[in-house]
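Enquirer: So that we are looking at the same thing, I have put the structure below in structure tokens.
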Amino acid sequence: MEAVKLGNKFHPHSSYTNSSSFSNTHFGLIKFRKTHIGFEPKIPKKWTSLSLCGGERLKKEIFLEKKQRDFSVKCTAEGIERGLLVGGRSDEERKFVVAERFKVVALMACVMCLCNADRVVMSVAIVPLAAKYGWSSSFLGIVQSSFLWGYIFSSVIGGALVDKYGGKKVIAWGAALWSLATLLTPWAANHSTISLLAIRAFFGLAEGVALPSMNTLLSRWFPSHERATAVGISMGGFHLGNVVGLVLTPLFMSSVGISGPFILFSSLGLLWLTTWINRVTNDPQESNSITKAELRLIQAGKSDSPPLKKGELPPLRLLLSKMPTWAIIFANVTNNWGYFVLLSWMPVYFKTVFNVNLKQAAWFSAVPWGTMAFSGYVAGAASDFLIKAGYSLTFVRKVMQSIGFIGPGVSLLCLNYAKTPEVAAVMITIALSFSSFSQAGFLLNMQDIAPQYAGFLHGISNSAGTLAAIISTIGTGFFVQWLGSFQAFLTLTACLYFVTAIFWNIYATGERVF
């Protein structure tokens, strides 16, 4: 048989031609597996017993194996980019891993829920306290507004601290202090009226840092096209806090006493704090748990985001020199005016206007807030959808804020004609559902126009809004005592919504200003 010399070995010519082709093909596949899959080169045992006639069958098997491994690697990579790890080297290793940014927003939603639950407890507890101590309607407004006395000061200071130190530490200290104040509220009420007003003011001082911390922290953990949804989820927790507080407070007061709900929510706040400190960082780049793929996804979606501010105080005069800043301030004023009127006075409203008992009033007041939590998420998702579809930030912010003001204004006018508690609850539900669209309007607009000073700008606008909330909360009490009904104040609030909507559409922008 004719043979061909190759090195120091001899091979049959016909066999050499075919086996050379076979050898080059399959050793190439071994090299490919090492480069792209990461396995060490290894010749399968089944290759050693192959005859020439089985070469085609082996090629097909190797091609199918390679295709399956490539598909597995591709799915794994795509899963990490989307926030879930899917697949593994074996069925036993396949698992789902939640992305770190979704853990952050879940914890943020929890603390925002506790933030509002702690706040709304007093709206229910004030009814038996007023009966016990003989407080008038006007004095009820003063007690309700005492929370805002501290809140108005901590908004600016808290916003500046968030810009300098990040949201993690600031909101952690805030949660610790407001949980302590919640725990001490029943003792203060039994001690004296002055003690109650002081502890409520301290409570507001601690809670003033919550919203600036949330806004800044989420802007660093989420890309721009997911930010509205993240804020919607967090604010959904905030609004659900109203439901939790309004529903659980009467139940615990009837079974444990007035101190029951205060002890419950303060304990939950301290429990949340232990998880937050160990799991969350100010910036995703500081996290030890985040994957490289998720970090790339976040950074690619917020390339215009500045580094964490460590230096001097933001320029107040510069911020106040631009009309987009005033559009945000007036929007916050109007939003807080209407929000705190409904938050503080709804149990009293249902009790005095429709003569329902405290538990029924709590349920009628809770349903609108639960709906608001859902509609806030819808608003965020709709906003992100419009941005992904190519609409400008200015257009999206104006549309969302217009819905957030015109809708509540019309609903409050209709509330004046409600004859039953059921109809009134529907009108308030519609008003608050539309109001939640403001989360995708002015609340996000702070990061749009001043990403470096968003916390400080939030503090400024929130302080102005808090002052408006104090006036509206106290003013409602005096109006009710003076005129004997809520109608005049509801009409005034509706008009304020309409005027601010016009101002917003004239001066607001989604472009970066500072």
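Enquirer: Take the conditions aromatic (Phe, Trp, Tyr) and within 16 Å of ARG101 (Cα to Cα) and apply them to PHE222. Does it pass?
Expert: So PHE222 passes the test.
Enquirer: Any idea which of ILE258, ILE233 is open to solvent by 40 Å² or more (accessible area, probe 1.4 Å), among the hydrophobic types (A, V, I, L, M, F, W, C) and closer than 18 Å to MET112 by Cβ?
Expert: After applying the criteria, what remains is ILE233.
Enquirer: Every residue in region 108-151 that is touching a residue at least 40 places away in the same chain (Cβ under 8 Å) and not in a helix (DSSP H, G or I), please.
Expert: SER136
Enquirer: Please enumerate the residues belonging to region 380-411 that are open to solvent by less than 20 Å² (accessible area, probe 1.4 Å) and either farther than 23 Å from ILE328 by Cβ or at pLDDT 90 or above (or both).
Expert: Within region 380-411, SER383, VAL396, ARG397, MET400, GLN401, GLY404, PHE405, GLY407, PRO408, GLY409, SER411 qualify.
Enquirer: Considering region 284-301 alone, what residues qualify as being under 14 Å from VAL104 (Cβ atoms) and free of Cβ contacts under 8 Å to residues at least 24 places away in the same chain?
Expert: GLN285, GLU286, ASN288, LEU295
Enquirer: Going residue by residue through region 320-329, is there one that turns out to be at pLDDT below 85, open to solvent by less than 40 Å² (accessible area, probe 1.4 Å) and assigned by the TED database to the domain that holds LEU492?
Expert: no
The values are calculated or read from the model by the stated rules, or taken from the named source; none is laboratory data. The shown structure was predicted, so the numbers you read here are calculated from the model rather than taken from an experiment. Heads up, the Cβs are rebuilt from the backbone with ideal geometry, glycines too, and the neighbour counts pull from every protein chain shown. To get the accessible areas, we keep the full protein, side chains included, count just its heavy atoms, and leave off ligands, DNA and RNA. Shrake-Rupley method; radii C 1.70, N 1.55, O 1.52, S 1.80 Å.
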